[in-house]
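Each reported figure results from applying straightforward, stated rules to the coordinates on display, with no laboratory input. The structure presented is a predicted model; accordingly, all values stated were derived computationally and were not measured. Here the Cβ positions follow ideal geometry from the backbone for every residue, glycine too, while neighbour counts run over all protein chains shown.
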Amino acid sequence: MYRFILAMFSIVIVVLGSGTVPAQDYPNKPIRIVTAAAGGGGDFTTRIVAKGVSDGVGWPIVVENRAGGLLAIETVAKAPPDGYILLVDSLGFLIGPLLQKTFYDPVTDFTPVALATSSPNILVVHPSLGVKSVKELIALAKARPGQLNYGSTGGGGISQLTGELFKSMAGVNIVHVPYKAAAQALTDVISGQVQLMFAATGPAVAHIESGRLRALAVTSGRPSALLPGLPTVAASGLPGYEAASMFGIFAPAKTPEPIVRRLNQEIVRALNRPDVKDRFLSAGIETVGGSPEEFAGKIKSEIAKWDKVIKEASIKVD
């Protein structure tokens with residue numbers, strides 16, 4: 001009897017030590033997902049994912065908006081790691097500490113749960129530029145160093161980073177022209193005042209279809225379902241080139257692994273639902289999913305890539 005009791009006690013210790021117990025009755029109260037202000041990309045992503053998960057398994061999920069992304073980050077960074085509070089944030093969450101001193105570290109202060117969405121940019125040019133491919137654009141830029149320019153929102157945003165990555169990998173001198181808003185930059189490309197831009201898919205597609213802009217390539221690593229038939233930059237002369245906006249879901253650091261996996265399982269299940277995919281695609285966004293480990297690897301590779309670009313281009317945020 002003594003040996004039996006000792007054996008059972010050992011099993012209990014192993015189970016407790018493995019971290020499986022915390023997920024057995026999870027969740028038993030509403031889950032809060034915190035993101036930036038209402039109306040932005042984070043809010044849009046959060047609400048679709050929250051509804052998808054809630055509809056799928058009935059979990060009560062509350063979306064909380066914080067005015068300013070840093071408030072959302074701080075709220076989750078300081079929260080208990082129990083799986084009841086999550087953060088949805090963009091690529092800016094990862095590159096913020098590369099541009100200026102911040103109070104958080106995206107790797108050590110958070111646990112990756114799932115990469116929710118990805119949205120590539122489109123390399124567009126004014127038709128009068130006369131180029132019809134990435135190779136032709138690179139050749140023209142090398143023949144006319146410092147004479148071509150590209151528009152972006154500046155401030156270390158994805159449109160500027162995408163352009164600087166292109167310049168670095170292609171070995172060309174194209175002048176960066178920053179704007180306060182992406183719409184202003186796109187307007188100047190359409191008018192011919194600026195020759196090219198790495199534009200967001202949603203606003204650019206209508207102008208491409210009308211012939212006011214010419215699309216050369218998509219910036220994602222693989223062809224995009226958003227733009228069938230359009231080649232990638234990587235396949236058009238710059239192997240290894242990849243840049244995209246993204247939104248990921250994070251938990252506080254030290255959130256138990258079984259809970260992270262449970263969250264990931266239900267979030268990925270929701271992202272794979274046809275109605276969820278269609279909702280995102282209609283807004284020019286693709287769902288991703290994948291495991292927490294894959295997301296963690298993506299985070300590290302993105303930080304390394306953009307840290308190099310930021311340093312080489314001396315990008316600073318005032």
Determine which aspartates and glutamates satisfy two conditions relative to Lys316: a Cα distance under 14 Å, and not lying fewer than 8 residues away in the same chain.
Glu164, Asp307
Length gained when the stretch Val317-Glu209 is fully extended (0.36 nm per residue, less Cα-Cα span):
35.4 nm
Take the alpha carbon gyration tensor of segment 143-277, find the square roots of its eigenvalues, order them as a ≥ b ≥ c, and report rounded if a/c is under 1.5; if not, report prolate when a/b exceeds b/c, else oblate.
prolate
Euclidean distance of C-alpha centroids, segment 259-286 and segment 142-174, integer Å
33 Å
Within a Gaussian network of the chain (alpha carbon springs, distance under 10 Å), most fluctuating of Val233, Val134, Val57:
Val57
On alpha-carbon atoms, Rg over Rh for segment 166-241 using Kirkwood Rh?
0.96
Could you work out how far helix 201-210 tilts from the main Cα principal axis of the chain, as a 0 to 90 degree angle to the nearest 10?
30 degrees
Nearest-ten-degree value, helix 2-18 long axis tilted from longest Cα axis of the chain:
20 degrees
Along the dipole axis of the chain (charges at Cβ: +1 for Lys and Arg, -1 for Asp and Glu; origin at the Cα centre), the most positive-end residue among Leu263, Ala141, Thr102 is Ala141
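Grab the alpha carbons of the chain, take their convex hull, and tell me the volume per residue in Å³. Before the final figure, lay out each step's value.
Details: hull volume 47.2 nm³, N = 318.
Measuring per residue, one finds 149 Å³ for the Cα hull of the chain.
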State whether segment 205-318 is rounded, prolate or oblate according to the following rule on the C-alpha gyration tensor (a ≥ b ≥ c being the square roots of its eigenvalues): a/c under 1.5 gives rounded; otherwise a/b larger than b/c gives prolate, and the remaining case gives oblate.
oblate
Nearest 10, in degrees from 0 to 90: the angle of helix 257-271 to the longest Cα principal axis of the chain is 50 degrees
From the residues Ser236, Met246, Gly290, which one has its Cα farthest along the dipole of segment 214-291 in the positive direction, the dipole being from +1 and -1 charges on Cβ of Lys/Arg and Asp/Glu about the Cα centre?
Gly290
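How large is the charge dipole for the chain, taken about the Cα centre, if only the Cβ atoms of Lys, Arg (+1) and Asp, Glu (-1) carry charge, to the nearest 20 debye? The partial results should precede the final answer.
Working: 30 positive and 25 negative charges, 77 e Å.
With only Lys, Arg, Asp and Glu charged at Cβ, the dipole is about 360 debye.
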Of Asn28, Asn272, Asn173, the most mobile residue in a GNM of the chain (C-alpha springs, cutoff 10 Å) is Asn28
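Can you flag which of Lys101/Lys308; Lys78/Lys277; Lys132/Lys300; Lys135/Lys298; Lys277/Lys298; Lys142/Lys311 are past 25 Å Cα-Cα? Don't jump to the answer; show the numbers that get you there.
Working: Lys101/Lys308 17 Å; Lys78/Lys277 32 Å; Lys132/Lys300 34 Å; Lys135/Lys298 28 Å; Lys277/Lys298 21 Å; Lys142/Lys311 23 Å.
Pairs exceeding the cut-off: Lys78/Lys277; Lys132/Lys300; Lys135/Lys298.
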Ranked by GNM mean-square fluctuation in the chain (Cα springs under 10 Å), the top entry among Lys277, Lys180, Lys305 is Lys180
